[in-house]
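The values are calculated or read from the model by the stated rules, or taken from the named source; none is laboratory data. These numbers were taken from a predicted model, which means no experiment stands behind them. Note that we place each Cβ from the backbone using ideal geometry, even for glycine, and neighbour counts take in every protein chain shown. Ligands, DNA and RNA are stripped out before the accessible areas are found, and what is left, the full protein with its side chains, is counted by its heavy atoms. Shrake-Rupley method; radii C 1.70, N 1.55, O 1.52, S 1.80 Å.
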Amino acid sequence: MLKRLLEYVGFEPGRFQARWISGSEGAKFTTTIKDMTEKIKSLGPNKKMRDDIL
Amino acid sequence: MMDVIQQLREQAKKLLEEKKVDLVIGFGQGTELARTTPVFIDSPEGVSKLTWGPFCANNLAKYLTDYKNAPGNIAVVVKGCDSRSINRLLDDNQISRDKVVIIGVPCSGQLEWQKVSAEIKPGASLKEVVDNGDSVSVKTDAGDYKFDKKDYLLHRCLVCENPNPVVSDLTIGKEQPVKNYEDRFAEVQALEQMSTEEKNAYWDKQFSRCLRCYACRNVCSVCTCQTCVFDQMLPMWVSKRTNLSENTAFHLTRAFHVAGRCVDCGECDRVCPMDIPLRKLNQKIHKDLGDLFESPTPGTKPGLVSPLGEFSPGDPEEFM
Amino acid sequence: MSNPTALTPYPATITKIDVEASDTKTFTVVFDDPEIMENFGNQPGQVCMLSAFGEGESTISITSSPTRGKFLEFCVRRVGRLTSVLHQMEVGQKIGVRGPYGNGFPYETMKGKDLFFVGGGSALAPIRSLIDYALSEQYRSDYGKVEILYGARSMDDILFKSDLAERWPKIHNTGIYTTIDREEEGWKGHVGFVPSYVEEVAPSPENKIAIVAGPPIMIKFTLPVFAKLGFKDDQIITTLEMRMKCCLGKCGRCNIGSKFICVDGPVFSLAQLKQMPQEY
Amino acid sequence: MESRVVNKGQISELLDKLAKDYNLIAPIKEETMTLFRRVSGAQDVLLDYNNSDISPKGCFLPQNEKTFSYMYTGDTLEINKPEGVQKTVLFGARPCDIKAILTFDPVFEGVKFGDEYYSNKRKSTVIIGLSCSKVLSTCFCYAMGGGPCDGTGSDLLLTEIGDKYYVEVNTEKGKALVDAYSQIFSSQGAEQLAKDKEELAKKLSGEFVRKVDLTGVKEVLDGNFELPYWDGDNAKKCIGCGTCTYVCPTCHCFDIFDYPTGDFTGDRLRCWDSCMFPEYTLEAGGHNPRPTRKERIRNRFMHKIKYHLDRYNMVGCVGCGRCVNKCPVNIDITKIINDLKEVAQNV
């Protein structure tokens, strides 16, 4: 729901990700974080919610 | 419409005289011809203040939580949309059912008072309002006016789901036909179709206008937190600075905070002094709730649990 | 030199921190610019806006008398955001100070009179500036007997312990009465609330000014005692507190009726207070 | 007082020139809203509008204003105030909004404490007013000592008459401006237009429909702080939002706080605040002298019709009607004034 709302107001798809990882799923945690970093890097710096300095 | 007003006053009088309630919250004539204002009546003599018509936009269920801990019972006048708030407040244990008498009034749509007011001669006094189905006639001492509903109705009324109250103790007035609006989410869909850049530009423009007066939050009938995160000073989560990022944070938080509880009464949208289309945020959530969870508009039935408040094995699991 | 027109504070350095009680510390502060320090010109009963950069500002009364030297003392109880940050600061760290603001005590018109101070809890801080002023070598002869009745919740909560126990009693023609709310092991002094202690001490209203400061509830019960003892409304002086942001009479929040506490107060006589709405 | 005439056809030329020479603030349409914004030329400027949704008070008291930036590393402390202000023209402000700026003056340029941020902007801004051509049902400036064609406080006042604007030169600042653009401001036909303007002012002043009369209201409030009236419907229906205060052209309350921009750096800002919010007067210790909506409403209206008068000998309301128009629950200052007069009869 939140992901959809964020994309609706102009966040790039993929900028927000949520995963369910149990405490015992160490490997899943590593791959998820790796994937996420990759993806975020490819999206470049966030342009949403940036303010001009007053 | 006159007979509805008459009955309203009679019923309210009876409730007060028989001491079934100590307070009646209803609509009274406002300070503009096409405007009403909430009235709080505590004696049978006061019921002549009550009125009804196509200018009763406020959702009076909002006030019930003010009297949560007050002694005595309260009667409240609600339209169909407002009555959804009552169900929500009951489900959230914000009010107790036996303390509230719900006076439901079927509603054929509310007009935007500013639009109507702009057309009527200033200073004219109201004689009668007649609902003709597709239009409303407003008769005044300075002449009669006719307003086409499609041009003057409040935005939310154009796709009204519940013209008749979904919960009430007594209903006053004729039941209104329920229409099924296929294009209920047309505006949301149009926005969804836009590119990320377009969406961004659209919402940035809207949010940057925000004054942070918090009218949208304060008018909301399901915003029932004692202290809002946006008011908290220790710690101060969100700064008072009104800039795009803080404003965006505020609006997203507000919309998501009421996700699954928002009854789509459209009050936030109506009261925004900067005309920020807040309902487009809430409706996006309603649409997704329907698409993902087949969930109806919150409050349409008593005991509806928000899909965001419970787990069911059939829930979509995009995050696994 | 003070520049009270600006919202910009002057840089100042904390030179000393005294722990008064578990939640209260006194900070000694000196402006970085000696010229500003020299010409600050604060009077007893005035307040300053203290800044902790990154946290904001707060109104704190100056607890030191200008007669004591070229420094400012601020007695700060840890209650909110800014005060919590101040409490974490150490000697040598910098804060911002702007002021002095407010009307201060009418110390000129008090000359030739006896002074009876009543303080409750942390409210000894604002009146201490006047106590020290009246007890200073320079001005001691201008005032008659100076008596101080102070009440705190417990022994730990007593502020300015050495002033009360040593410094002030040594000065000629003073009287110190200290009380705590409840019996406590090791306490040999008076026990009981401030209003009843005032009644017990029973100061005579003759040629005397009472300066009362404390929590609203204490003030509420103390004022009738003074009335009973024969004090007139203009013989009773108090100092008020309200939330402030600018201290310049502009930001709007500290008004009581048409008066702003920050510029018209914080010091009012009971006679003046009775002319104002009871909204503080 | 001098006067000039501008042909309607030349207004765009004037605005384009002003936008080049000054920071030009003028009313524009943004979606459904009429707002004062900085413009780059004549193209967006609205010359025919009823009343802007938000008053141009932000020209002098911006909703967000940096008072200084700081850098504190623990050892060194640096405080930098923002650079000087730009030469500005506020174009097209309505008489009520200009009068509202006059109510700011004694607050920010008071005898005891000035306010350099305000004063600098005030000094470097030329106010070109625009008379109203229409009276709205929510307007009541006449009752607050103003009028639809009242030039008080403006440097120049433009009044639309036929295909011309009649220009009243009210100050030296205004004079300097018309002299600088003498090819646009002519003197020809000014006498006739002066008469036409009088006519228009008279006509418009007869069109007010709201009956408001302040006489005697302050006197009642002077001795009666605790009126049962304040417990009534207004306190019950108010939802406690800040709309009335933010749209009000005379509301000037602000908050001051720090806005960190890095580990050691940040800005101190002042932002509009509202007396309708509970936190406004909430003290750190938890005590709140105005704990409920009743006290907050009372304070707001007392401020408008009594406190500001007491302090500065000016009513704190200019009758623009914005709060009447925008209040979500129709709390109406004109009704309050009239109600208080009624209450007065029984006190």
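Laid out as a table, the results:
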read-out	value
DSSP H segments from chain C that extend 27 Å or more along their own axis, Cα-based, with Kyte-Doolittle mean of -1.0 or above	none
Cα gyration tensor category, rounded, prolate or oblate, for the stretch D:217-346 with a/c compared to 1.5	prolate
Cα gyration tensor shape of the stretch D:1-83, rounded if a/c is under 1.5, else prolate or oblate by comparing a/b with b/c	prolate
For chain D, built as a Gaussian network whose Cα springs stay under 10 Å, the top-fluctuating residue of D:N23, D:N170, D:N64	D:N64
Reduction of at least 30 Å² in accessible surface, 1.4 Å probe, comparing all protein chains with the chain by itself, residues of the stretch D:191-231	D:V209, D:R210, D:F225
Paired Rg and Dmax values of the stretch C:181-280, which use every Cα atom, in angstrom	16.0, 49
Share of Cα-Cα pairs in the stretch B:178-313 lying beyond 26 Å, as whole percent	27 percent
Carbon/sulfur fraction of accessible area - the stretch C:1-133, other protein chains in place, 1.4 Å, %	47 percent
Accessible surface of chain B [probe 1.4 Å, protein heavy atoms]: carbon and sulfur percent	49 percent
Computed Rg/Rh of chain D, alpha carbon atoms with Kirkwood Rh	1.00
Tensor-based shape of the stretch B:1-113 (alpha-carbon gyration tensor, a/c under 1.5 rounded, otherwise prolate or oblate)	oblate
Debye, to nearest 20: dipole size of the protein assembly as shown, +1 on Lys, Arg Cβ, -1 on Asp, Glu Cβ	700 debye
GNM top mover of C:V198, C:V91, C:V212 - chain C, alpha-carbon springs below 10 Å	C:V91
Furthest towards positive pole of dipole, D:Y70, D:C132, D:F185, structure part the stretch D:2-205, Cβ charges	D:C132
Using alpha carbons only: equivalent-ellipsoid semi-axes of the stretch C:94-180, gyration tensor based, whole Å	21, 20, 12
P(r) tail fraction, the stretch B:244-320 - alpha-carbon pairs more than 19 Å apart, %	41 percent
Antiparallel %, DSSP beta bridges [both residues in the protein assembly as shown], to 5	65 percent
Within 10 Å of each Cβ in B:221-231, the average number of Cβ atoms from other chains	1
For the stretch C:1-55 versus the stretch B:147-184, the gap between their alpha-carbon centres in whole angstrom	63 Å
Over chain B, equivalent-ellipsoid semi-axes from the Cα gyration tensor in Å	33, 25, 20
Span from the the stretch D:37-51 Cα centroid across to the the stretch D:330-347 one, whole angstrom	37 Å
Angle between chain A longest axis and helix A:26-43 axis [Cα atoms, degrees, rounded to 10]	20 degrees
Chains D and C, summed buried accessible surface - 1.4 Å probe, Å², nearest 100	3700 Å²
Sulfur and carbon atoms: percent of accessible area, chain D [1.4 Å]	50 percent
Aspartates and glutamates whose Cα lies under 14 Å from that of A:K34, excluding same-chain neighbours fewer than 8 positions away	none
Segments B:57-65, B:100-108 sorted - mean Cβ within 10 Å per residue, highest first	B:57-65, B:100-108
Relative contact order of the stretch B:38-93, pairs being alpha-carbon contacts under 8 Å that are 6 or more residues apart, as %	32 percent
Protection proxy ranking of D:319-332, B:297-310 - average other beta-carbon atoms within 10 Å, highest first	D:319-332, B:297-310
Computed Rg/Rh of the stretch A:2-42, alpha carbon atoms with Kirkwood Rh	1.06
Peptide D:327-335 - average C-beta neighbours from other chains (10 Å radius)	6
Ranked packing of C:215-225, C:32-42, most packed first, by mean Cβ within 10 Å	C:215-225, C:32-42
Three semi-axes of the equivalent ellipsoid, the protein assembly as shown, Cα gyration tensor, whole Å, largest first	50, 37, 33
More than 24 Å apart - percent of Cα-Cα pairs taken over the stretch C:10-101	10 percent
Average other protein chain Cβ within 10 Å of Cβ, residues C:46-54	4
With Cα atoms, 0 to 90° folded angle of helix B:279-293 axis to chain B main axis	70 degrees
Cα-Cα P(r), the stretch D:2-205, percent of pairs per 10 Å interval	8, 33, 35, 16, 5, 2, 1
Gap separating the Cα centres of the stretch B:18-91 and the stretch D:252-298, nearest whole Å	32 Å
Pairwise burial D:B, computed as accessible area of each alone minus the pair, summed, 1.4 Å, Å²	3600 Å²
Rounded accessible area per residue of the stretch C:114-239, 1.4 Å, Å²	45 Å²
Calculated [θ] (222 nm, deg cm²/dmol) that DSSP helices of n ≥ 4 give over the protein assembly as shown, each run adding -39,500 (n - 2.57)	-8500 deg cm²/dmol
Cα-centred dipole magnitude for the stretch B:95-191, charges only on beta-carbon of K, R (+1) and D, E (-1), debye, nearest 20	180 debye
Rounded FRET efficiency, nearest 0.05, which uses the C-beta distance separating D:L214 from D:M33 and R0 of 22 Å	0.10
Per residue value of the accessible surface for the stretch D:118-241 (all protein chains in place, 1.4 Å probe), Å²	43 Å²
Amide hydrogen neighbours beyond the local backbone of C:L149, cut-off 5 Å, H modeled	C:F117, C:V118, C:G119, C:Y177
Within a Gaussian network of chain D (alpha carbon springs, distance under 10 Å), most fluctuating of D:T334, D:T34, D:T281	D:T281
Area buried, chain B against chain A - accessible surface, total, 1.4 angstrom probe, square angstrom	2300 Å²
Cα-Cα over 27 Å, subset of D:K175/D:K218; D:K81/D:K306; C:K25/C:K232; B:K174/B:K301	D:K175/D:K218; D:K81/D:K306; C:K25/C:K232
